[in-house]
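Here's the structure we're looking at; comments come further down.
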Amino acid sequence: MRKGFHLSSMRIISVKPYRSPRIHIASNRHEQFRFSFKRKLRLGINERTGRLQWCPGVTCSKLLIILPAVLLPITLALILLLRMDNMLTALQLHEAEKFQNQHLPQQKYSSNLDSHYTYGSLSDNRDALGDIVNEHFILPMDVMNIKELNERERLKRCISFKYGLSETLELEERDIMKDARTSFLPQDTTSIPSECQGKLSSVKLESNFVNNLLEQMLRRSRRTSDNTSNNGKFNFNTRETANEQNSFSGEDAQLFGSTSALQTFWNEEGTKETIRAAQAKTMKKYIDSRINPCSDFYKYACGNWERLHPIPKDKAGFDTFEMLRENLDVVLRELLESKESSETTLDQKKVVNIKNNNYGHDSHAHADIIKSTRSVSSAAVVDKRGSKSLDQLEKQLQVKSSKLRRHIIQRRHALSVVLRRYKRQKAAANKRKRINKDLSLGDISLEDGNSSEYIDSNEAPIKAKYLYQSCINTKLLGKRGIKPLLKLIDSLGGWPVLNPSWNPQHFDWLNLTAQLRRYNNDILIVEWVGPDIKNSDENIIQFDQTSLGLPTREYYLQDMNARYLMAYQLFMSEIMQKLGASRDRAIKTATDVVGFETRLASITAPAEQRLNVTKLYNRMTLNQLHKAVPEINWLRYLSILQDRNVRDSEEVVIYALEYMNDLVGLLRTSDPTTISNYLLWRFVRHRINNVDDRFEDTKQKFYHSLFGREESPQRWKVCIAQVNTNMGMALGSMFVRKYFDENSKRDTLKMTHELQQAFREILKSTDWLDLSTKHLAEIKVNAMSLKIGYPDFILNPKELNEKYAGIQIHPEKYFENTLHVLLHTAKTEQNKIQETVNKTAWQTAPAIVNAYYSRNKNQIMFPAGILQPPFYHRHFPRSLNFGGIGVVIGHELTHGFDDKGRLFDRNGSIHKWWTDSSIKGFDERARCIIAQYSNYTVGEVGISLNGESTQGENIADNGGLRQAFHAYKSWLRNNPQAAADERLPGIEMTGEQLFFLNFGQVWCGAMRPEAVRNKLNTAIHSPGRFRVIGTLSNSRDFAREFKCPEGSPMNPVHKCSVW
């Protein structure tokens, strides 16, 4: 279409401006000229052609002239900036090569630039690498010391990766009677895939300009490195494909979004204002404001949880505690894969962190970057409109380029260009030495899984890292296969299902049972050495009924659970086949074994018959026990187990005398082949977790049937659990040294004293206890031993090393390592028979998200792992801390006075210290709690709660909440000036209301129906939803603060209360 005017001839064409419905026609050329140039761009009719077209006008003409003049200098400026960037890259490469020529030994390098090198093949030259710190950074040698170099080399492994599938760690089966303690949570045992994940900066960049610049360069370096990896020119991790390295699942993103604030906590980041703002944002996200809190406070507080946090495929459920465990696991993984010494931490003064992208990968830069770039930000001029002057920024970049080129993040391909020049120089023996020296997964390059050439160490943290390395090295596990397991089976006399020539005449079930107990497995007979519940100062041998392969006896005996039993039988037969049994033989054996275990389950006592431990308690000599159960040679069993001469006058405690007699009858009428197959099945079932991954699909199918889990957990999660379970104090030492804040230990201790005082005040106002029982109860509260954070000995290297001195850990032999740990654990326990009870000893590892009360020690334990948001933060309002860790403290304190805890005195021994009238008053109130919770039904599965078996935890929940709120109100009265600081920004709630909101949101979560069904069959804890509504509906304080009308669901007229 032609224009309405032509500037070259200045001849104006008459145009009729288009206006509908009225059309104006110019009367003369002057008017036409004035109209064309004075009016803005609009539609008109060309008089010559009669066509409708655009009439630009003067404004548009000016733009056509001015725009090219403006864009030309901008384009030139951008070209200049790009050339400066290329010059910086060239300068850095030149400096790196120059340093190499000056400092590295001259040698002939391979001409094959496409050769694949791992970081392990270069680590012998670590002191000569100079400015090579990791895949993102190149720093000059003169600003780094050796310690920083080691840390930078560790960071080179910050690559997203995903290991092979495996299941979560199953603890060795032990009966609850072995340890008279309670836990705040059920004992249950993608994620952010980088060891550098979570190391957020404690020093804030003051300039958004500089921060954005660094983030852009980080993103460019990651894209470049991904391309390099995909091209096959340089690969840090030869075990996985480039796609696996660069993958980032939706589950990873979910977890990162959920735990970013928690990562900030572990790195002691953020101000009071930012921490509170972040917590308020999180709490608001979970609230469903459509729900009336007086109708269903759980739905109100947690209504959006399931939408925001769908259950990960590798889990049966996902709740607040699982989120905290995931976050803690990432921190523990960083420690186990770190090259840092266990007694040193990152020099925070020299190194800061730069958090750059949505994936959560954090990289490290030298603190001098901040120093050199702050002046850039302070010099930047911002005009009134908020835009920065391009000319000034160009000048500032030129001035600072000489400093920035030493410190700015370098693209990964620059690193690979330098690294490619190096060859492997050391043989396999030196590579094994590097395992000990570097202590990192990336350095493991093993050819022979049976080699014993490695540097043994007595340092507990090194042993923990060795254990982790041996577990995570799937390549080596694959090479070794199932040979170690088959060798172990043969040493135990062989497994009939795998050996058709097995001779039952040589079978000795008692000997095999004792041998398996040496590996910390309790099968048929549960035995342990621990404090006598009636004399807590004395360790004594104790016996109880067996555990089972499925969670409870009801799985075998109730028709409604037949499908689980079938899944178990199929699981068993497939494992047998993968170990070498024929299909027909495996199916028949599995059928026989399940039949035997079903009969075994029928002779065990149900949980509801075992609530009163005093009725189960029988203390006698071994001679008396032999007379009571003569078919079992108890002296021989203990002699095999403890490697000592046991006298028949030695006293023991037995809790299942009837079961032992029934067991003898079952064994007498059963086929020895079936008994042997059963015993070794129970043992082998755990040991397949310590070999290669050939069993993963079979295990996943079974756990999907049992719990609804859709995927197996990643390998590294399994290995973290393995180390934390078996060498928890060694790992806890590393964790505490680097991350634990002593202030949180002091705060928690202070809060514990405040909760104890609240309990004393509630005790005094209790009208159903007589004075003598009140007095003894107060003495017990005062005598409680408080264990917070960690035991002191883990910070003493000598004492810590002595704890694990008897364990030999090899970085290449995961199967043998596990056996050594099991043997050591069992031996340590059996040796307690010659020792007095150590009531100051810790019973749990520090890096655990849970809390405990030990009845026979009258001891409360709060591991360091639980002292994190939402339970605790030093910048939280006290309302949140009391509603979080405060309720946990009160919960554990109340366990000393629940249905079982009340039986134990201040020293942890059972005897009758309550009067009959007080016992009657307790029982009446406990029955109210039992009835209340028994009326709750889980709609998803149509099963009601067992108020009888959960009464202890429910009593503790109710008492803990009341005590914590009482302590919080007392704190407010003593600190009236702090009341205004008890709110959170953006949440219109009082401090008292925030107390209850945080309590409720602690229990947010979701669980698959299969897992719910399993929990309800085995649980001593109520589901989280009912721990909220059951407790709050009994709280008059809650009803008052939320103004719930009497008779509403959360404020019923009839309430239950014990403490």
(request) Would you mind pulling out the separation of the Cα centroids of region 872-928 and region 534-563, in Å? (result) 26
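If each residue of separation counts as 0.36 nm, what is the full-extension length gain between residue 823 and residue 1043 once their alpha-carbon separation is subtracted?
Additional length available on full extension: 73.4 nm.
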(message) Compute, for region 603-697, the length of the dipole vector about the Cα centre, with Cβ point charges of +1 (Lys, Arg) and -1 (Asp, Glu) only. Units Debye, rounded to 20.
(response) 320
(request) Rounded to whole Å and ordered largest first, report the semi-axes of the equivalent ellipsoid of region 507-552 derived from its Cα gyration tensor (root of 5λ). (result) 23, 14, 8
(message) Whole angstrom only: what separates the Cα centroid of region 1010-1040 from the Cα centroid of region 802-851?
(response) 34
(request) Using 0.36 nm per residue of separation minus the Cα-Cα distance, give me the extension gain between residue 475 and residue 808 in nm, one decimal. (result) 117.7 nm
(request) Starting from the Cα-Cα distance between residue 304 and residue 750, subtract it from 0.36 nm times their residue separation and give me the gain in nm to one decimal. (result) 157.1 nm
(request) Sort largest first and round to whole Å: the equivalent ellipsoid semi-axes of region 483-690, each the square root of five times a Cα gyration tensor eigenvalue. (result) 30, 21, 15
(message) If packing is taken as the average number of other Cβ atoms within 10 Å across a peptide's residues, how do 805-815, 761-771 rank, most packed first?
(response) 805-815, 761-771
(request) Set the Förster radius R0 to 30 Å, insert the Cβ-Cβ distance between residue 840 and residue 973 as r into 1/(1 + (r/R0)^6), and round the FRET efficiency to 0.05. (result) 0.30
(request) Calculate the length of the line joining the C-alpha centroid of region 304-323 to that of region 606-651, in whole Å. (result) 44
(message) Testing the spin-label approximation: label points 7 Å from Cα along Cα→Cβ at residue 588 and residue 766. State their distance in nm.
(response) 6.2
(message) Given a Förster distance of 41 Å, report the FRET efficiency between residue 916 and residue 505 from their Cβ-Cβ distance, rounded to the nearest 0.05.
(response) 0.10
(message) Take the residue pairs 487/803; 787/920; 745/857; 738/803; 272/745; 315/699 and return only those whose Cα atoms are more than 23 Å apart.
(response) 487/803; 787/920
(message) Please compute the modelled spin-label separation between residue 277 and residue 779, points set 7 Å along Cα→Cβ, answer in nm with one decimal.
(response) 5.5
(message) Using a Förster radius of 56 Å, what is the FRET efficiency between residue 927 and residue 457 based on their Cβ-Cβ separation? Nearest 0.05, please.
(response) 0.45
(message) At 7 Å along Cα-to-Cβ for each site, give me the label-to-label distance between residue 538 and residue 64 in nm.
(response) 10.9
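Coordinate-derived values only; no laboratory data. This one's a predicted model, so the numbers in the text were calculated from it and none came from an experiment. Ideal geometry is used to build each Cβ from the backbone, glycine not excepted, and the neighbour counts take in all protein chains shown.
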